[in-house]
1. Which condition from (1) within 25 Å of ASP85 (Cα to Cα); (2) aromatic (Phe, Trp, Tyr); (3) touching a Pro at 6+ places or on another chain (Cβ under 9 Å) is the one that PHE181 breaks?
2. List the residue pairs whose Cβ atoms are under 8 Å apart, where the first residue sits in region 240-251 and is under 16 Å from MET56 (Cβ atoms), the second is modelled with pLDDT under 85 and of a type in the set (S, T, N, Q), and the two are 6 or more positions apart or on different chains.
3. How many residues, within region 81-96, are farther than 13 Å from PHE252 by Cα and buried (at least 16 other Cβ atoms within 10 Å of the Cβ)?
4. Would you confirm, using the coordinates I've provided, whether THR59 is assigned to a strand (DSSP E or B), in contact with a strand residue (DSSP E or B) (Cβ under 9 Å, 6 or more places away or on another chain) and under 30 Å from LYS237 (Cβ atoms)?
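The values are calculated or read from the model by the stated rules, or taken from the named source; none is laboratory data. Because the structure is predicted, anything quoted here is derived from the model rather than measured. Ideal geometry is used to build each Cβ from the backbone, glycine not excepted, and the neighbour counts take in all protein chains shown.
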Amino acid sequence: MQYATLKETPMKRSLLTLVLLFTLLLPAAATAQTPSGPERITDFHSEIQIDENGTMRVTETIRVVALGGQIRRGIYRDFPTRYTDTFGFTQRTGFSITGIRRDGKAEPYHTENLQNGVRVYIGEEDVFLNPGVYTYTINYETDRQLGFFEDHDELYYNITGNGWSFSIEESSANIYFPTHFKPEDLNAYAYTGASGERGEDYSVEVTESNNRPVVRYKSTRPLSPGEGLTVVIEWDKGLIESPSAAEQAVNFLLDNGLLICGLCFTALFILFCLLTWLIKGRDPETGVIVPLFSPPDNLSPAEVGLPGPAWAWVMTGRS
């Protein structure tokens, strides 16, 4: 019996080599598609445009590693809109979402009111994310974020927020001011760390872009869960027009309506009680007290000796 043997040709060797390489590289490619390590934010970048009227237009770009743990359908972002001053009064800031995208495509979202602001849930309830890296872009507008003081005005703004339960590997922000500002008008610094901490793990640069001053911030270390980047920029008064006294009064009434109504009701109630006491509640003057040395009329000595209430019953005919 004769067996036919196939001659090994260069084309056959090349084909076998490609099949072997494909077999070896396929597991590595599959592994590369699934990110390693814990769920985290690999990059948090914010672009902020400050208009001449003080309104801020913000674009946040958040790149996350999702592994199906806490990030299953998407992410949520908390935005504080309610602050309390040292006197206990409330100040509210405006907040309006103009668009949210995931990897460049529009993404569904819904909001929920919090005690001090708004929580934005991004994603769909019935859609679960495959493990991977995703980039979320949040566009929103906010106002009444600027502080107006006697000797200067400022922006004090938490770029990342401190509510994240995972780390942020890189955080940065570019803040653009109106064209009539100059870079030398701005005094910029920042804080890093948990709420109330004043860490200095950041770099800052004040430059110019398209005839607009821009302040560029960047953290110099990863931020741990619960930590954030807060920026502070000061400038001389008059560069941005402060609210008038009438506008401040209206805002104060709108922000503290319930508290003011409660205080007014309490004041009116106290005034009502005081007037009622002055008109009807005060005891009449006693006048001159004349002692009696004989028993009252129509009372026997036994009746006079009764206790006060019983004596009164006898006087009124009650028993």
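1. Every condition holds for PHE181 apart from (1).
2. PRO243/ASN251
3. Result for region 81-96: 2.
4. Working: assigned to a strand (DSSP E or B): yes; in contact with a strand residue (DSSP E or B) (Cβ under 9 Å, 6 or more places away or on another chain): yes; under 30 Å from LYS237 (Cβ atoms): yes.
Yes; evaluated as a whole, the condition is true for this residue.
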